[in-house]
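What follows is a set of notes on a single structure, which appears directly below.
The values are calculated or read from the model by the stated rules, or taken from the named source; none is laboratory data. Small disclaimer: the values here were computed from a predicted structure and weren't measured. All Cβ positions, glycine included, derive from the backbone under ideal geometry; neighbour counts span all protein chains shown. Each accessible area value is taken on the protein alone, full model and side chains, heavy atoms only, with ligands, DNA and RNA left out. Shrake-Rupley method; radii C 1.70, N 1.55, O 1.52, S 1.80 Å.
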Amino acid sequence: MTIIVLLTDFGLQDIYVGVMKGIIKTINPYAELIDLTHEIPRQNILAGRFALMNTIDYFPPNTIYLVIVDPGVGSDRKAICMRGEKGYFIAPNNGILSGVINKNKVQKIVSLTNKKYWLNPHPSSTFHGRDIFAPVAGYLSKGIDINLLGEEINQGELVTLNCEEIKVNDRLIKGKIQYIDIYGNLITNIPANILENKSWYVQEGENKIQPYYTYSSVKDGELLALIGSHGWLEIAVNGDSAKIKLNKNYLDSITVIID
Amino acid sequence: MTIIVLLTDFGLQDIYVGVMKGIIKTINPYAELIDLTHEIPRQNILAGRFALMNTIDYFPPNTIYLVIVDPGVGSDRKAICMRGEKGYFIAPNNGILSGVINKNKVQKIVSLTNKKYWLNPHPSSTFHGRDIFAPVAGYLSKGIDINLLGEEINQGELVTLNCEEIKVNDRLIKGKIQYIDIYGNLITNIPANILENKSWYVQEGENKIQPYYTYSSVKDGELLALIGSHGWLEIAVNGDSAKIKLNKNYLDSITVIID
Amino acid sequence: MTIIVLLTDFGLQDIYVGVMKGIIKTINPYAELIDLTHEIPRQNILAGRFALMNTIDYFPPNTIYLVIVDPGVGSDRKAICMRGEKGYFIAPNNGILSGVINKNKVQKIVSLTNKKYWLNPHPSSTFHGRDIFAPVAGYLSKGIDINLLGEEINQGELVTLNCEEIKVNDRLIKGKIQYIDIYGNLITNIPANILENKSWYVQEGENKIQPYYTYSSVKDGELLALIGSHGWLEIAVNGDSAKIKLNKNYLDSITVIID
């Protein structure tokens, strides 16, 4: 009974997710399917990267992650399967796996070129989830060796995204927004452990945004900083959207002052 | 094979629900997870109470209900597990279980204080679903005795909500709105059996709202009263929102005239 | 382990879907439930027909499809179970099964009149999903013979919808819009194979809409025609809604010029 975790930007109205599940269950009736989310904002690879990265610590080892946010479908971007210590990751090579590499020793990466494990040898140009990724996940969950799926590629070929760098010195920390959740909270790439035992605040234009433990520690509509449940520094507004209030987006920089 | 039914206000975009599922499956690979809904309006305990109350008659006994609408997370509200004749209910003690008490003889309630069954001894202040509730559900589904989860509390300590009272006399019935569904239908706390074999209508300001069997019994845009599928008196507008048309909200009172 | 695929317009906020799952699992704990979609636009039988028709090739044979888009609930429309070579289809007889008939040799159709397999003998007038369809799916998944569910009806009694006709001659093809996806792409009923090896474009008012392989082949905001992933001619706008740009709706006609 292998778990296959599904993460896509397909949404829940159309049949894309259901079709992939049918293909997997046809190949392996014993696969267990768990939806992580299908509501990643369309084509937002950064959001998919963040969701995956913060999930893998909570599933059993050998879980198969089927990860499809794929604006480059139909182009020459590679479809890959990566084996790490926390499981298998099937995805387009577009950076969506870049968040899990540091948390999860990479053991092998292959390019999914063996058409024997595709739905058929002539995939569509728009739905590789059905034509390549889902059948590969099905076969992998049945115990097919990763080496059979295609030729090995080097870790150096993995696409990375420009969202992991932070600058740290005695007076300040400069990071970036790596995710914006459904409430408009701005999640930075600054991890909690850097801020431990320090006195600090976020400088955002004229605003000095002070740290608190919970959203409701400030009045409705007021800004606060906090360590979010996934362990990252986060900027929020009690009862409102920090994204809108501060007019921020993915990869915008955030400055923390150590005082 | 124990069923764990999940009811939250976490939504389906972020990874909160998926993370909880990973934790449960890591503890008990044989647990079967069924989503009731994750779209309870954010922090709306009344909506969560209604959803749970109208569901428990349809699942097998011994089902575990994992119920998280938790505006007080991080405060001193208790996390509890209640054993009733229809199953186990794991939830914050904030009134969300108040609807099932009358339908479901309570056998035991414990406060979830035994850190042995938490994810780790230092829970976050914002995500007890991951840190306390999900692991407890996992262990319970494996057969851990409820008495091991923490110390017993009395039923008198259960938080109740001010939404169950109705006044009945020969001429009228006064109740309250206990739920508003996605279409804006106003579901009252007046049960169908009180109205059986009576001639009645709803008096709402100047409007006399007459009873019908189906929404389409009146013209588009017109008000009607009916017994909804969960067995409660409901006020609706054919093809439109009664909530908006009548400007009503949760706990507003509703008057039925017996004639 | 029989798969039951659920397709409804119930949405994911209210408890309708969860209640049906509880009923099925109470009747047959070994049934495996897979959500196809519950976000069919409310009462849109055409959208439900399209979703089902394009899904059945991907699930194992003997899958049970529980298909509920049912604006006529409570009227005298029949509830039916159809046995075809690709599985069982439980649905209201309102045309929602009309898309699968051509793809799936019909072997038997019965009207679900045997109250022994209902939740109870007195169904509500608004929620036959709970009262009739879900319990019938549960019993069928346990191996109950279709002939026990009610009396046989002829295929001629199946309701059809006016959306399958296309006119083809040497100079043009006239079809209809049979589905509009969440992005506003207009999916016609013209199948890919008719257009193979031909030079063609879509004539829409003054616009000559040319064919491409991918959405991004044209500039943002520009119209294109393409063969969508389900194998139908589709009209789209890169990064925008063709439905809004062309002001089109279900069943509107679409003309292809062969040149």
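Against the conditions (1) under 30 Å from B:F10 (Cα atoms); (2) in a loop (DSSP other than H, G, I, E, B); (3) touching a residue at least 24 places away in the same chain (Cβ under 8 Å), where does B:D170 fall short? Just the number, please.
(1)
Scanning segment B:27-51 for residues that are in contact with a Gly (Cβ under 6 Å, 6 or more places away or on another chain) and not in a loop (DSSP other than H, G, I, E, B), which turns out farthest from the other protein chains (Cβ to nearest Cβ)?
The residue in question is B:I45.
With the condition kept exactly as written, say whether any residue in segment A:142-150 is within 20 Å of the chain's Cα centre (by Cα), at pLDDT 95 or above, not acidic (D, E) and not in a loop (DSSP other than H, G, I, E, B). Let's see the steps before the verdict.
Going through segment A:142-150, the residues within 20 Å of the chain's Cα centre (by Cα) turn out to be none.
There is no residue in segment A:142-150 that is within 20 Å of the chain's Cα centre (by Cα), at pLDDT 95 or above, not acidic (D, E) and not in a loop (DSSP other than H, G, I, E, B).
Look at segment B:134-156 and say how many of its residues are buried (at least 20 other Cβ atoms within 10 Å of the Cβ) and farther than 25 Å from B:G74 by Cβ.
Summing the residues that are buried (at least 20 other Cβ atoms within 10 Å of the Cβ) and farther than 25 Å from B:G74 by Cβ in segment B:134-156 gives 1.
Kindly indicate the residue of segment C:219-259 that is under 20 Å from A:Q43 (Cβ atoms), surrounded by fewer than 19 Cβ atoms within 10 Å (Cβ to Cβ) and not basic (K, R) and also modelled with the lowest pLDDT among those meeting that condition.
The residue in question is C:G239.
What about B:P61, is it at pLDDT below 95 and under 22 Å from C:P29 (Cα atoms)?
yes
Take the residues in segment C:92-113 that are among the small types (G, A, S) and outside any loop (DSSP other than H, G, I, E, B); name whichever of them is surrounded by the most Cβ atoms within 10 Å (Cβ to Cβ).
First, the residues of segment C:92-113 that are among the small types (G, A, S): C:95, C:98-99, C:111.
Restricting the remaining residues to those that are outside any loop (DSSP other than H, G, I, E, B) gives C:98-99, C:111.
Numbers: C:S98: 21, C:G99: 25, C:S111: 16.
Once the filter is applied, the top-ranked residue is C:G99.
Considering (1) more than 14 Å from chain C (Cβ to nearest Cβ); (2) open to solvent by less than 40 Å² (accessible area, probe 1.4 Å), say which one A:I24 fails and leave the rest.
With (1) more than 14 Å from chain C (Cβ to nearest Cβ); (2) open to solvent by less than 40 Å² (accessible area, probe 1.4 Å) applied to A:I24, the lone miss is (1).
Taking C:V202 as the residue in question, decide whether it is more than 14 Å from chain A (Cβ to nearest Cβ) and surrounded by 17 or more Cβ atoms within 10 Å (Cβ to Cβ).
On the way: more than 14 Å from chain A (Cβ to nearest Cβ): yes; surrounded by 17 or more Cβ atoms within 10 Å (Cβ to Cβ): yes.
Criteria met by C:V202.
If you check every pair at least six apart or on different chains, which have Cβ atoms under 7 Å apart with a residue in segment B:99-121 that is farther than 17 Å from B:G156 by Cα and free of Cβ contacts under 8 Å to residues at least 24 places away in the same chain first and a residue that is open to solvent by 20 Å² or more (accessible area, probe 1.4 Å) and not in a helix (DSSP H, G or I) second?
Hits for this filter: B:K115/B:P121.
Mind telling me which of the residues A:D70, A:D76, A:D131 ends up being acidic (D, E), open to solvent by less than 30 Å² (accessible area, probe 1.4 Å) and in a loop (DSSP other than H, G, I, E, B)? Don't jump to the end; show me each part of the working.
On the way: A:D76 fails: open to solvent by less than 30 Å² (accessible area, probe 1.4 Å); A:D131 fails: in a loop (DSSP other than H, G, I, E, B).
The unique qualifying residue is A:D70.
If only one of B:N207, B:N197 is among the polar types (S, T, N, Q) and touching a helix residue (DSSP H, G or I) at 6+ places or on another chain (Cβ under 9 Å), which one is it? Walk me through how you get there before you give the answer.
Working: B:N197 fails: touching a helix residue (DSSP H, G or I) at 6+ places or on another chain (Cβ under 9 Å).
Checking each option against the conditions leaves just B:N207.
So B:L46 ticks every box in (1) touching a helix residue (DSSP H, G or I) at 6+ places or on another chain (Cβ under 9 Å); (2) farther than 21 Å from C:A134 by Cβ but one. Which box is left unticked?
(1)
Quick check: anything in segment A:101-122 of a type in the set (F, W, Y) and either within 30 Å of A:V256 (Cβ to Cβ) or touching a strand residue (DSSP E or B) at 6+ places or on another chain (Cβ under 7 Å) (or both)?
We begin by selecting, within segment A:101-122, every residue of a type in the set (F, W, Y); these are A:117-118.
Next, only the ones that are either within 30 Å of A:V256 (Cβ to Cβ) or touching a strand residue (DSSP E or B) at 6+ places or on another chain (Cβ under 7 Å) (or both) stay: none.
Within segment A:101-122, none of the residues are of a type in the set (F, W, Y) and either within 30 Å of A:V256 (Cβ to Cβ) or touching a strand residue (DSSP E or B) at 6+ places or on another chain (Cβ under 7 Å) (or both).
Being under 25 Å from A:F10 (Cα atoms) and at pLDDT 95 or above, is that true of even one residue in segment C:79-94? Explain how you work it out, then say what you get.
Taking segment C:79-94 and keeping what is under 25 Å from A:F10 (Cα atoms), we get none.
No, because not a single residue in segment C:79-94 is under 25 Å from A:F10 (Cα atoms) and at pLDDT 95 or above.
Checking A:M1 against (1) at the interface with another protein chain (Cβ under 9 Å from one of its Cβ atoms); (2) over 17 Å from A:S124 (Cβ atoms); (3) at pLDDT 95 or above; (4) more than 18 Å from the chain's Cα centre (by Cα), which test does it fail?
(3)
If B:I182 passes every condition in (1) open to solvent by less than 20 Å² (accessible area, probe 1.4 Å); (2) among the aliphatic types (A, V, I, L, M); (3) within 14 Å of another protein chain (Cβ to nearest Cβ) but one, which one does it miss?
For B:I182, the exception is condition (1).
With the condition kept exactly as written, say whether any residue in segment C:158-171 is closer than 30 Å to B:I56 by Cα, in contact with a helix residue (DSSP H, G or I) (Cβ under 7 Å, 6 or more places away or on another chain) and open to solvent by less than 80 Å² (accessible area, probe 1.4 Å). Spell out the reasoning first.
The initial filter retains those residues of segment C:158-171 that are closer than 30 Å to B:I56 by Cα, namely none.
Scanning segment C:158-171, I find no residue that is closer than 30 Å to B:I56 by Cα, in contact with a helix residue (DSSP H, G or I) (Cβ under 7 Å, 6 or more places away or on another chain) and open to solvent by less than 80 Å² (accessible area, probe 1.4 Å), so the answer is no.
So which of C:F59, C:F50, C:F10 ends up being open to solvent by less than 10 Å² (accessible area, probe 1.4 Å) and either at positive phi or not acidic (D, E) (or both)? Reasoning before the result, please.
Numbers: C:F59 fails: open to solvent by less than 10 Å² (accessible area, probe 1.4 Å); C:F10 fails: open to solvent by less than 10 Å² (accessible area, probe 1.4 Å).
Just one listed residue meets the conditions, C:F50.
What is the one condition in (1) closer than 17 Å to B:G11 by Cα; (2) in a helix (DSSP H, G or I); (3) within 9 Å of chain C (Cβ to nearest Cβ) that A:V17 does not satisfy?
(1)
Working carefully through the options C:K176, C:K198, find the one that is touching a residue at least 24 places away in the same chain (Cβ under 8 Å), outside any loop (DSSP other than H, G, I, E, B) and among the basic types (K, R). Steps first, answer last, please.
Numbers: C:K198 fails: outside any loop (DSSP other than H, G, I, E, B).
When all the criteria are applied, what remains is C:K176.
Of the conditions (1) touching a residue at least 24 places away in the same chain (Cβ under 8 Å); (2) out of contact with any helix residue (DSSP H, G or I) (no Cβ under 9 Å at 6 or more places or on another chain); (3) of a type in the set (D, E, K, R), C:K142 clears all except one; give me its number.
(2)
Looking only at segment B:206-244, filter to residues that are part of a helix (DSSP H, G or I) and in contact (Cβ under 8 Å) with a residue 60 or more places away in the chain; which one of those is nearest to the chain's Cα centre (by Cα)?
Residues of segment B:206-244 part of a helix (DSSP H, G or I): B:215-217, B:242-244.
Remaining after also requiring in contact (Cβ under 8 Å) with a residue 60 or more places away in the chain: B:243-244.
Values: B:K243: 19, B:I244: 23 Å.
The selected residue is B:K243.
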